[in-house]
1. Assuming R0 = 22 Å, what is the FRET efficiency of residue A:259 and residue A:316, from their Cβ-Cβ distance, to the nearest 0.05?
2. Regarding segment B:1-55, what's the average projected area of the Cα-atom convex hull, expressed in nm²?
3. Angle check, please: helix B:299-308 long axis (alpha carbons) against the longest principal axis of chain B (alpha carbons), in degrees 0 to 90, nearest 10.
4. For residue B:192, place a label point 7 Å from Cα along the Cα-to-Cβ direction in every copy; what are the distances to the other copies, in nm, shortest first?
5. Between copies, how far apart are the residue A:17 label points? List them in nm, one decimal, shortest first, with each point 7 Å from Cα toward Cβ, please?
6. Taking the axis that carries chain A onto chain B, what is the nearest Cβ in chain A, and at how many Å, to the whole number?
7. With θ set to phi - 60° and the Karplus curve 6.51 cos²θ - 1.76 cosθ + 1.60, what are the ³J(HN,Hα) couplings of segment A:45-59 in order, to the nearest whole Hz, using x for Gly and Pro?
8. Sorted from largest down, give the three principal axis spans of the alpha carbons of segment B:277-396, whole angstrom values.
Protein chains: 2
Amino acid sequence: MKSYIVGVGMTKFEKPESRDWQYWDMAKEAGEAALADAGVAYEDVQQVPVGYCFQASTAGQRAVYELGLTGVPVYNVNNNCATGSSALMLARQFVESGVNDCVLALGFEKMQRGALGGGADGGDFKTSPVARHYGIMAARHGFEMSPPTAQIFGDAAREHMEKYGTTPAQLAAVGAKNHRHSVNNPYAQFQDAYTVDEVLAAKTIHQPLTKLQCSPTSDGAAAAVVVSERFVEERGLGDKAVEITAQAMTTDTEESFASGSCIDVVGQPMSREAARQVYAASGLGPEDLDVIELHDCFSINELLTYEALGLCAPGESGKLVESGATTYGGRWVVNPSGGLISKGHPLGATGIAQAAELTWQLRGTAGARQVEGARVGLAHNIGLGGAAVVTLLRRP
Amino acid sequence: MKSYIVGVGMTKFEKPESRDWQYWDMAKEAGEAALADAGVAYEDVQQVPVGYCFQASTAGQRAVYELGLTGVPVYNVNNNCATGSSALMLARQFVESGVNDCVLALGFEKMQRGALGGGADGGDFKTSPVARHYGIMAARHGFEMSPPTAQIFGDAAREHMEKYGTTPAQLAAVGAKNHRHSVNNPYAQFQDAYTVDEVLAAKTIHQPLTKLQCSPTSDGAAAAVVVSERFVEERGLGDKAVEITAQAMTTDTEESFASGSCIDVVGQPMSREAARQVYAASGLGPEDLDVIELHDCFSINELLTYEALGLCAPGESGKLVESGATTYGGRWVVNPSGGLISKGHPLGATGIAQAAELTWQLRGTAGARQVEGARVGLAHNIGLGGAAVVTLLRRP
């Protein structure tokens with residue numbers, strides 16, 4: 001059975017501690033917005049998968065109870081940075097399999113100090129699952145293993161530069177593009193444009209990545225109402241509905257570790273395989289896409305994902321962004337929202353916020369950042385550890 | 001479509017720090033045992049819901065990768081003490097809905113210090129979701145809010161005593177029964193019998209609950225292979241298969257908080273509603289059950305659950321356990337494994353370990369603790385915060 005997104009909502013993403021709210025406040029704001037957008041009452045919701053990484057167990061219930069006390073099942077799910085899309089994928093499976101007609105996917109994060117890799121227990125990076133990935137490479141190459149995510153992606157960027165001649169300016173072009181896009185997004189944590197030179201001149205986080213090429217720490221929430229075809233028809237929601245045409249989650253395979261490549265360790269093979277699966281399931285390909293929200297946790301990952309999604313050949317991604325093919329006026333608009341780099345990246349919310357942006361784009365209601373004539377959108381969300389989720393959305 | 005458990009496995013549950021293992025070691029041991037029991041290769045597994053509360057995000061992948069690197073979706077789920085059954089419920093939905101033919105549900109916990117209510121972030125009880133439940137009652141009754149789970153259940157026990165005349169000896173009889181059952185369970189953390197007097201004389205944890213009426217802190221893992229009817233037939237697994245006849249998850253409703261009763265706050269209404277749903281779905285009732293694994297985190301909760309499952313009328317549960325109706329030779333055998341009190345309670349594993357015990361019982365392979373002629377079993381797993389999962393299993 002087909003599934004549709006009929007309502008989305010999100011909070012503005014914010015720098016932690018900049019707003020006086022708890023995770024249940026942000027979840028309520030996003031959840032109520034999504035239900036209002038759909039014109040659906042919480043009492044219609046049959047199950048609620050909730051995504052977050054940093055809060056206590058059953059924080060999902062604590063949040064969802066703000067919307068109502070109907071006693072329906074709540075699942076708290078996490079998959080590092082792919083947490084939001086993991087909740088969305090459960091929602092879709094509940095609906096497409098015929099178990100439910102109306103499911104709310106909710107994601108939020110009130111982020112805490114400490115390395116991302118340490119995960120939900122705020123624990124030691126060295127014993128975290130992500131460390132296993134990096135540890136394999138570290139052992140081979142004699143790296144220090146203490147530093148977290150920025151180093152892993154920085155290493156992947158240097159590998160891409162050495163292997164394909166990718167330049168610092170090409171990496172910086174990703175940051176400049178996404179910051180520029182976010183100027184029109186009231187939900188974005190940052191809304192400031194920067195030139196490529198300004199991005200290059202920003203503080204270095206880990207060579208070659210500067211601060212304006214890295215996603216910040218963020219608080220925020222997002223929600224989506226996922227329903228069956230029958231529900232769309234019965235409630236007359238056709239005008240709002242965006243079809244979830246295909247969706248796939250992949251995890252690491254031997255390929256992730258066997259090659260000795262940092263590009264593989266940060267998940268390009270997972271992304272490539274997830275894209276292959278949704279293209280196969282839908283009969284669509286990269287040439288059919290109009291608008292893409294992808295996981296630019298660091299500028300290098302946007303480039304790696306261009307290649308994984310088949311927007312260009314391996315190694316050509318630096319040239320692709322430089323050509324303007326992935327911004328307004330180009331072949332695709334990638335990260336019209338500003339992406340993780342400028343919109344922000346509350347782990348549990350990101351994957352659902354990507355779907356919210358695409359829903360607005362495919363409805364033609366994205367205002368000043370509307371991608372003209374957008375009919376097919378793709379969301380890509382990845383977490384080290386790992387999980388990659390690719391979702392293909394279409395205006396019916 | 002119907003779903004079946006065709007393989008189960010678990011580690012012995014252990015006191016934390018008593019064995020030199022990491023969570024992935026225990027998960028591997030349980031997962032391999034379940035696959036071997038089913039005669040199924042990991043390569044046949046199509047999705048893996050993983051339950052745990054205390055480890056980092058994507059710890060599920062870290063554990064599952066020990067079984068193979070096939071790239072299939074892994075979902076990390078948590079629901080406090082009902083975490084294991086939440087993973088099992090996802091597995092069942094994946095299979096019953098026709099999405100998958102073979103799913104592995106895996107649960108583990110390497111428990112950490114600190115109040116349970118603090119949850120996955122090891123955080124402050126006062127800001128945890130559980131505190132919201134207790135906080136409502138605390139505000140009404142002028143209790144101190146600092147102490148965690150044992151106080152909440154102790155308060156419920158005192159309420160039961162005041163309301164129905166339940167005695168300390170009746171509460172202690174639960175502990176004595178479950179410790180006695182565990183003598184025959186090599187997987188149990190404790191395997192020592194105690195008299196009711198010995199249980200009464202043990203150290204008081206929170207009035208009226210003594211140490212031998214409380215589940216301990218435990219490490220351990222459990223796994224179950226859940227498959228479709230087609231898979232059972234194609235692989236010739238009929239002899240091993242136990243049918244998941246019905247299953248329901250409920251969360252809190254207004255009833256949980258409205259009455260001013262601690263019995264309601266600790267989840268009796270959730271349990272009652274989940275039982276009602278599985279009885280309605282299966283056409284079976286308490287009179288059809290032979291063997292029950294239920295959530296005796298504290299002795300009082302076993303009594304509350306007798307009432308929620310309809311084994312007796314409200315208030316009659318103390319007399320029921322004292323009558324011997326819930327042990328070998330009685331109407332039902334409740335917690336033949338020793339229950340949480342004596343088998344142990346690693347949060348992510350408990351709900352799946354209950355299903356493992358029932359699978360052995362319904363196959364007639366439970367050895368010295370076999371319940372003669374058992375054909376129908378019920379598992380009950382509850383987490384404050386909250387979630388209650390009731391699962392009805394049947395020998396086909």
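1. According to the calculation, E is roughly 0.70.
2. The orientation-averaged projected area of the Cα hull of segment B:1-55 comes to 5.0 nm².
3. 70
4. 6.5
5. In nanometres, ordered from closest: 3.3.
6. Of all Cβ atoms in A, the one closest to the rotation axis yields A:97, 1.
7. 7, 9, 8, 9, x, 10, x, 6, 10, 9, 8, 5, 4, 6, 4
8. Ordered largest first, segment B:277-396 gives principal extents of 33, 31, 30 Å.
Just so you know, all these numbers are worked out from the coordinates, no wet-lab data involved. On a predicted model such as this, the values are computed, not experimentally measured, just so you know. No Cβ is skipped: glycine too gets one built from the backbone with ideal geometry, and neighbour counts run over all protein chains shown.
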